[in-house]
1. For Asp263 and Phe384 in the same chain, what is the full-extension length gain: residue separation times 0.36 nm, less their Cα-Cα distance, in nm?
2. How long are the three semi-axes of the equivalent ellipsoid of the range 202-268, in whole Å, if each is the root of 5 times an eigenvalue of the C-alpha gyration tensor, listed from largest down?
3. Between rounded, prolate and oblate, where does the range 163-309 land on the alpha carbon gyration tensor, with a ≥ b ≥ c its root eigenvalues, rounded for a/c under 1.5, else prolate if a/b exceeds b/c?
4. How much net charge surrounds Arg24 when only the other residues with a Cβ under 10 Å from the Cβ of Arg24 are counted, with Lys and Arg +1 and Asp and Glu -1?
5. Quick one: compute the contact order of the chain, relative version, from alpha carbon pairs under 8 angstrom and 6+ residues apart, as a percent.
6. Extending each Cα 7 Å along its Cβ direction at Lys104 and Leu201, get the distance between those two points in nm, one decimal.
7. Evaluate the distance, in nm, between pseudo-label points positioned 7 Å from the Cα of Trp34 and of Val406 along their respective Cα→Cβ axes.
8. Answer with one residue from Pro8, Val129, Tyr65: the one whose Cα lies farthest towards the positive end of the charge dipole of the chain, charges on Cβ with Lys, Arg +1 and Asp, Glu -1.
Amino acid sequence: MSTAQQVPDILSPEFAADPYPAYRLMRDSAPLIWHEATQSYIISRYDDIERVFKDKSGEFTTDNYDWQIEPVHGKTILQLSGREHAVRRALVAPAFRGADLQEKFLPVIERNSRELIDAFRDSGSADLVDDFATRLPINVIADMLGLDKGDHARFHRWYTSVIAFLGNLSGDPEVAAAGERTRVEFAEYMLPIIQERRENLGDDLLSTLCAAEVDGVRMSDEDIKAFCSLLLAAGGETTDKAIASIFANLLVHPDQLAAVRADRDLIPRAFAETLRYTPPVHMIMRQSATEVKLSGGTIPAGVTVTCLIGAANRDESRYRDPDRFDIFRDDLTTTTAFSAAADHLAFALGRHFCVGALLAKAEVEIGVNHLLDAMPDLRLADGFDPVEEGVFTRGPQRLPVRFTPVTAA
């Protein structure tokens, strides 16, 4: 097993500026690292992380979420296992696939996307992060839950605080305290709404969660509050960065942008390749239940394992020319890219595969289509070069663009 001294530390400014060279070095020569500062074993190869996520032998758990996310969300579905997990997932999953997604929520996405674009479609310029990407997923989730979109700024502050807590690898006490305050504030906001909704059920997702029952089990107010908190943070931050990243990648590869503009059926391919090439979430943690042998050595039972998705998704043993953005690559399967059978790792795999993957796909597809319609000659602002920021989650913080306004259809 290697030590962290042999590669750039994941907490270093060098790593934050550009983690991809470090990822390559880890995969090549240090596939298993004990990282003292985070008290975790870091793994970086595709095969190892795929094994951890699929966990066919019961070697890994999500017990790490007891300290990693419960302080900000409360106890969530991510921490459950066995029948308890299966029942809770069955309670929430139908809202994110099939008829509910098609009939209830696609119109919500369409409407919110158009409303955001209408605010800048005549201006000839926009920042796709600030004006669109950070707003669409939160507005959609608020509408889905039947919450007041006028509270957008509060929602955004909360999920930013939560994501900072999850990515607080250095243990900054101020970040930790802010995250814990967010849990209290969100509970004070949500619990009265949940209690009122139980008395007056509607056709929104919050009402669905209040009424849902599987095998005699219903969700408590605390269950629902924790799930809504998780949905705002996970659905907000990841989709926000996914939308920004797909445009950043296409704008710096104008030939591929032109191909997508000409054939919108390529949008899912562009999204799948973005999830591989620049995933919104670069790290997911698990805990070992037993002693496990992985590339580079053996990890003991009961320790935290930091899975570097950003590294695994560029593993040359899995993808040809992995540091090249190519929506036409033939070693990434688009038809399964948004399911538990995905061959990238951006949504994890196995029983904890992201429940909102199809919702994210719908938001990205609709948003990209609408933006390309409104901005047929979309281009980066003069002299601007997109830059990713972040370590735990990563994406462009700004994406200023120029275009010739067109009249809305």
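What follows is calculated from the coordinates using simple rules that are stated; it is not laboratory data. This is a predicted model, so every value here is computed, not measured. Please note: Cβ atoms are built from the backbone with ideal geometry, for glycine as well, and neighbour counts cover all protein chains shown.
1. Details: separation 121, 0.36 × 121 = 43.56 nm, distance 2.64 nm.
Separation in residues times 0.36 nm, less the Cα-Cα distance, equals 40.9 nm.
2. Numbers: eigenvalues 305, 40, 14 Å².
Rounded to whole Å, the semi-axes are 39, 14, 8.
3. On the way: a/c = 1.87, a/b = 1.20, b/c = 1.56.
Judged from the Cα gyration tensor, the range 163-309 comes out oblate (a/c at least 1.5, b/c at or above a/b).
4. Working: positive: Arg27, Arg314; negative: Asp28, Asp315, Glu316, Asp323.
Value of the local net charge: -2.
5. Working: 642 pairs, mean separation 103.6, N = 409.
Computed value for the chain: 25 percent relative contact order.
6. Taking the two extended label points, one gets 1.1 nm.
7. About 5.9 nm, to one decimal.
8. Looking along the dipole axis, the top candidate is Tyr65.
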